[in-house]
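> There's a structure below that I have some questions on.
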Amino acid sequence: MRQDINVLHHLGIVSRNLQATISQYERIGFFFTPLTIPRIPLQAGGTPEPIGAGNRCAISRNNYLEVLAVIDAGRWASITREQRGPFDLDEPLSRYEGLHVLHLGTDEIDHVRGRLQRSGLHPSNIRAFQRMVDTPDGPRMMRAQCVSFPHGANPEALLQIAQHETPELVLQPRYMQHPNGAISITGVIVCVQEPAEVAKKYGIYTNQPVRRCSASHVVQLGQ
């Protein structure tokens, strides 16, 4: 199981006003990391660089809830939607402000990408992701790798497959002390018009069986 998708890596709320959304979630008992600036390569093989978005995260035992928004409008506008790729926030915000990001986690992203290719799902090349995070020893660069899918393949979510390279920099115990007692994200509900078809797709993504549960279709991950 460690070679395949085994966890909800993180969920993300796309906001028009980062601080207003953080304040709302703080009122219901979540504790957030300081602001960080995501960096992605804007061309194949390029060095990851900021795109004008920022995030803060509510860290839990094995995953986290992210709140992200555009914080540098000029920089954001200078980058095309094609360059942003699966990190584009404009399209989901045109639908609604709220939960959009769904990243499934693995410890072996090369293995998962190869399996998805053999299934005919056309995953992207593995893409680097970075952001500087605060640690007790000072700022350090968090690193991860991501795989996405062709535009339009997953209209229900900003879906990617992700693997931590530096999980110790992200899942810091000092940020897990939520006043509301939350310790982990254990599930997510995806609302769609054709649940059976979408569940079948997620079964292929995760390499897990799909279980019918009343009107829902459940894909159970390892964690």
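The values are calculated or read from the model by the stated rules, or taken from the named source; none is laboratory data. Everything quoted here is computed from the prediction, not taken from an experiment. We place every Cβ from the backbone using ideal geometry, glycine too, and count neighbours over all the protein chains shown. Keep in mind that these areas ignore ligands, DNA and RNA; they rest on the heavy atoms of the full protein, side chains included. Shrake-Rupley method; radii C 1.70, N 1.55, O 1.52, S 1.80 Å.
> State, as an integer percentage, the relative contact order of the chain based on alpha-carbon contacts under 8 Å between residues 6 or more apart. Walk me through the numbers on the way to the answer.
Details: 441 pairs, mean separation 58.8, N = 223.
Across the chain, relative contact order equals 26 percent.
> Here is a follow-up. For the stretch 42-96, what is the charge dipole size about the Cα centre, in debye to the nearest 20, if Lys and Arg each add +1 at the Cβ and Asp and Glu each add -1 at the Cβ? List each step's numbers first, then the result.
Working: 6 positive and 7 negative charges, 39 e Å.
I would put it at about 180 debye.
> Can you give the helix-only mean residue ellipticity at 222 nm for the chain, where every DSSP H stretch with n ≥ 4 adds -39500 (n - 2.57) and the sum goes over all residues, rounded to the nearest 500 deg cm²/dmol? Write out the running numbers ahead of the final one.
Details: 7 runs with 51 residues, N = 223.
Taking each H run of at least 4 residues, the total per residue is -6000 deg cm²/dmol.
> Enter the Cα centre distance for the pair the stretch 156-223 and the stretch 90-132, rounded to the nearest angstrom.
Here the answer is 12 Å between Cα centres.
> About its Cα centre, how strong a charge dipole does the stretch 132-192 have in debye, to the nearest 20, once Lys and Arg get +1 and Asp and Glu get -1 at the Cβ? Could you put the intermediate results ahead of the total?
Values: 3 positive and 5 negative charges, 5 e Å.
Computed about the Cα centre, the dipole is about 20 debye.
> Please report, as a whole percent, how much of the solvent-accessible surface of the chain comes from carbon and sulfur atoms (probe radius 1.4 Å).
Carbon and sulfur together cover 51 percent of it.
> Hey, got the dipole for the chain? About the Cα centre, +1 on K and R Cβ, -1 on D and E Cβ, debye to the nearest 20? List each step's numbers first, then the result.
Numbers: 22 positive and 20 negative charges, 55 e Å.
Here the size comes out at about 260 debye.
> Oh, and also: Determine the order of 39, 211 by accessible area, beginning with the largest, at a probe radius of 1.4 Å.
Numbers: 39 75, 211 125 Å².
From most exposed to least exposed: 211, 39.
> Measuring from a point 7 Å past the Cα of residue 165 along Cα-to-C-beta, which residues in the stretch 111-136 have an amide N at less than 13 Å?
Answer for this model: 126-132.
> Taking the simple approach of a point 7 Å from Cα along Cα-to-Cβ for both residue 180 and residue 118, what is their distance in nm?
Each label point lies 7 Å from its Cα, and together they span 4.1 nm.
> If each residue of separation counts as 0.36 nm, what is the full-extension length gain between residue 44 and residue 151 once their alpha-carbon separation is subtracted? It would help to have the intermediate numbers written out before the result.
Working: separation 107, 0.36 × 107 = 38.52 nm, distance 1.69 nm.
In short, 36.8 nm is gained.
> Given the options 145, 77, 24, identify the residue whose Cα lies farthest towards the positive end of the charge dipole of the chain (+1 on Cβ of Lys, Arg; -1 on Cβ of Asp, Glu).
Toward the positive end, the furthest listed residue is 145.
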